[in-house]
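Colleague: Quick one: this structure, given as structure tokens, is what I'll be asking you about.
The values are calculated or read from the model by the stated rules, or taken from the named source; none is laboratory data. Because the structure is predicted, anything quoted here is derived from the model rather than measured. When we count neighbours, we look across all protein chains shown, and the Cβ atoms used for this are built from the backbone with ideal geometry, even at glycine.
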Amino acid sequence: MMIAAIGARAGTIGVVLAASACNLDTFGLSAGVTSMTSEVTSGTAVGPTAAEPTSTGASVATGGESSVGTTGGLVDGDPCDPWQPACPAGSKCAAYAADGGLTWNANKCVPAGDGTPGMGCLVVDASTSGMDTCAAGAMCWDVDDNTLTGVCYAQCSGTPKAPSCPPGSACFSTNTGTINLCVATCDPLMSAQCDGVCVYDSVDKQFICLIDASGGTKVGDSCEFINACPPGSMCGDPMRSEKCDPQADGCCLALCDLNQPPGCPIGDLCEAFLGGASPGYEDVGVCVTAP
């Protein structure tokens, strides 16, 4: 899925939303509708809209140094690979908007700060500039668009196929792989676990905490981003509920406990996610219109 600094839409999973999907708000993420890709933009995530949750569950990375030495002869401003950084000493491989827009879509070497994961941080110039006060192996995330302040998050370590993150977190990859961050995992039936909202990453088939970009949305309302629905719901396929606009990119569907029915609005049934739920969350279902 893809994510945007200000808002992102759900498409194929990624941070900056790609093809039709749910959008994410301010560093939000979009929900994918059946294996779509989403992207993230400065403040909002864009990605696939998924009728059923399908996350790419990745383990959480500790955020190892992303720029060591001068292998490859790269200099600040040069394109880089976030999984195999070779930026100059004192620099790091960072995601940024190559077109100056609100969606991270490329990586380049930039001077590294000294903020470690968990510390407060500041983004320079704009949310998607790629410049922040976090150290190599970390990125300023959950940024306030007005103050440009956020928190340093560890970048995933390992490889795209075998990412690694600290216990209690998972690797969230979005915007076609330009952003790979370790974010907290959560149980969607226990929303109090997140400061924001617990959403389903359909690409990695995992439940993760993201900024709450739901505003005043309710179950049955249209959504473009995976984090644009209220706690206890998800941005999914609008065709699964008569309460939704079938022409919308996505719709907020209530989540339910398969072991404690009914737990759904009148007229709806609690069904398992298409393709199965994440390991350990087999009890999580989605409320859909009864056939």
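Colleague: Tally the residues that are over 14 Å from the mean Cα position of the chain (by Cα) and assigned to a strand (DSSP E or B), restricting the search to segment 232-248. Break it down stepwise before answering.
Modeller: First, pick out the residues of segment 232-248 that are over 14 Å from the mean Cα position of the chain (by Cα): 232-233, 236-248.
Restricting the remaining residues to those that are assigned to a strand (DSSP E or B) gives 233, 236.
Counting residues in segment 232-248 that are over 14 Å from the mean Cα position of the chain (by Cα) and assigned to a strand (DSSP E or B) gives 2.
Colleague: Say whether the condition of being in a strand (DSSP E or B), over 27 Å from residue 140 (Cβ atoms), in contact with a Leu (Cβ under 6 Å, 6 or more places away or on another chain) and not hydrophobic (A, V, I, L, M, F, W, C) is met by at least one residue in segment 249-263. Reasoning before the result, please.
Modeller: Step one: filter segment 249-263 for residues in a strand (DSSP E or B), giving 250-257.
Pick out the ones that are also over 27 Å from residue 140 (Cβ atoms) and you get 250-257.
Checking which are in contact with a Leu (Cβ under 6 Å, 6 or more places away or on another chain) leaves us with 257.
The next check asks that each one be not hydrophobic (A, V, I, L, M, F, W, C); those that pass are 257.
Checked segment 249-263: at least one residue is in a strand (DSSP E or B), over 27 Å from residue 140 (Cβ atoms), in contact with a Leu (Cβ under 6 Å, 6 or more places away or on another chain) and not hydrophobic (A, V, I, L, M, F, W, C).
Colleague: Ok, one more. So in segment 62-88, with the set limited to residues that are modelled with pLDDT under 85 and not in a loop (DSSP other than H, G, I, E, B), which one is nearest to residue 157 (Cα to Cα)? Walk me through it before giving the result.
Modeller: Taking segment 62-88 and keeping what is modelled with pLDDT under 85, we get 62-73, 85.
Narrowing the set further to residues that are not in a loop (DSSP other than H, G, I, E, B) leaves 71-73.
Numbers: 71: 18, 72: 20, 73: 22 Å.
Step by step, filter segment 62-88, then rank; the result is 71.
Colleague: Next question. If I filter segment 215-231 for residues that are touching a Phe, Trp or Tyr at 6+ places or on another chain (Cβ under 6 Å) and either outside any loop (DSSP other than H, G, I, E, B) or at pLDDT 90 or above (or both), do I get at least one hit? Lay out the reasoning, then the answer.
Modeller: First, pick out the residues of segment 215-231 that are touching a Phe, Trp or Tyr at 6+ places or on another chain (Cβ under 6 Å): none.
Taking every residue of segment 215-231 in turn, none turns out to be touching a Phe, Trp or Tyr at 6+ places or on another chain (Cβ under 6 Å) and either outside any loop (DSSP other than H, G, I, E, B) or at pLDDT 90 or above (or both).
Colleague: Residue by residue through segment 122-154, note down the ones that are touching a Cys at 6+ places or on another chain (Cβ under 6 Å) and under 13 Å from residue 92 (Cβ atoms). Lay out the reasoning, then the answer.
Modeller: Here is the first cut: in segment 122-154, the ones touching a Cys at 6+ places or on another chain (Cβ under 6 Å) are 123, 132-134, 138, 140, 150, 152, 154.
132, 133, 134, 138, 140, 152, 154 - these are the residues of segment 122-154 that are touching a Cys at 6+ places or on another chain (Cβ under 6 Å) and under 13 Å from residue 92 (Cβ atoms).
Colleague: Considering only segment 213-227, I want to know if a residue exists there that is touching an Asp or Glu at 6+ places or on another chain (Cβ under 7 Å) and over 16 Å from residue 249 (Cα atoms). Can you show your working first?
Modeller: Going residue by residue through segment 213-227, those that are touching an Asp or Glu at 6+ places or on another chain (Cβ under 7 Å) are 213, 222, 224-225, 227.
From what is left, the residues that are over 16 Å from residue 249 (Cα atoms) are 213.
Checked segment 213-227: at least one residue is touching an Asp or Glu at 6+ places or on another chain (Cβ under 7 Å) and over 16 Å from residue 249 (Cα atoms).
Colleague: If you take the residues of segment 169-195 that are of a type outside the set (A, V, I, L, M, F, W, C), under 24 Å from residue 272 (Cα atoms) and assigned to a loop (DSSP other than H, G, I, E, B), which of them is modelled with the highest pLDDT?
Modeller: The residue in question is 187.
Colleague: Of the residues in segment 169-194, how many are on the phi > 0 side of the Ramachandran plot and surrounded by fewer than 23 Cβ atoms within 10 Å (Cβ to Cβ)? Spell out the reasoning first.
Modeller: Residues of segment 169-194 on the phi > 0 side of the Ramachandran plot: 175-177.
Then drop every residue that is not surrounded by fewer than 23 Cβ atoms within 10 Å (Cβ to Cβ), which leaves 176-177.
Residues flagged as on the phi > 0 side of the Ramachandran plot and surrounded by fewer than 23 Cβ atoms within 10 Å (Cβ to Cβ) within segment 169-194 amount to 2.
Colleague: Do we find that residue 266 is out of contact with any Pro (no Cβ under 8 Å at 6 or more places or on another chain), over 30 Å from residue 167 (Cβ atoms) and in a loop (DSSP other than H, G, I, E, B) in this structure?
Modeller: Working: out of contact with any Pro (no Cβ under 8 Å at 6 or more places or on another chain): yes; over 30 Å from residue 167 (Cβ atoms): yes; in a loop (DSSP other than H, G, I, E, B): yes.
It is true that residue 266 is out of contact with any Pro (no Cβ under 8 Å at 6 or more places or on another chain), over 30 Å from residue 167 (Cβ atoms) and in a loop (DSSP other than H, G, I, E, B).
Colleague: Just the residues that are among the small types (Gly, Ala, Ser), buried (at least 23 other Cβ atoms within 10 Å of the Cβ) and part of a strand (DSSP E or B), please, taken from segment 89-112.
Modeller: At the first step, the residues of segment 89-112 found to be among the small types (Gly, Ala, Ser) are 89-91, 94-95, 97-98, 100-101, 106, 112.
Right, trim to buried (at least 23 other Cβ atoms within 10 Å of the Cβ) and you get 91, 94-95, 97, 112.
Of everything in segment 89-112, those that are among the small types (Gly, Ala, Ser), buried (at least 23 other Cβ atoms within 10 Å of the Cβ) and part of a strand (DSSP E or B) turn out to be 91, 94, 95.
Colleague: Right, something else. Mind counting the residues in segment 137-168 that are outside any strand (DSSP E or B), touching a Pro at 6+ places or on another chain (Cβ under 9 Å) and buried (at least 24 other Cβ atoms within 10 Å of the Cβ)?
Modeller: Narrowing segment 137-168 to residues outside any strand (DSSP E or B): 137, 142-148, 156, 159-162, 165-168.
Then keep just the ones that are touching a Pro at 6+ places or on another chain (Cβ under 9 Å); that gives 137, 156, 166.
Right, trim to buried (at least 24 other Cβ atoms within 10 Å of the Cβ) and you get 137, 156.
Total meeting the criteria: 2.
Colleague: Continuing with this model, one more query. With the requirement that a residue be acidic (Asp, Glu), part of a loop (DSSP other than H, G, I, E, B) and at pLDDT 95 or above, what does segment 113-133 give you?
Modeller: Going residue by residue through segment 113-133, those that are acidic (Asp, Glu) are 114, 125, 132.
Filter once more, keeping what is part of a loop (DSSP other than H, G, I, E, B): 114, 125.
Of everything in segment 113-133, just one residue is acidic (Asp, Glu), part of a loop (DSSP other than H, G, I, E, B) and at pLDDT 95 or above, namely 114.
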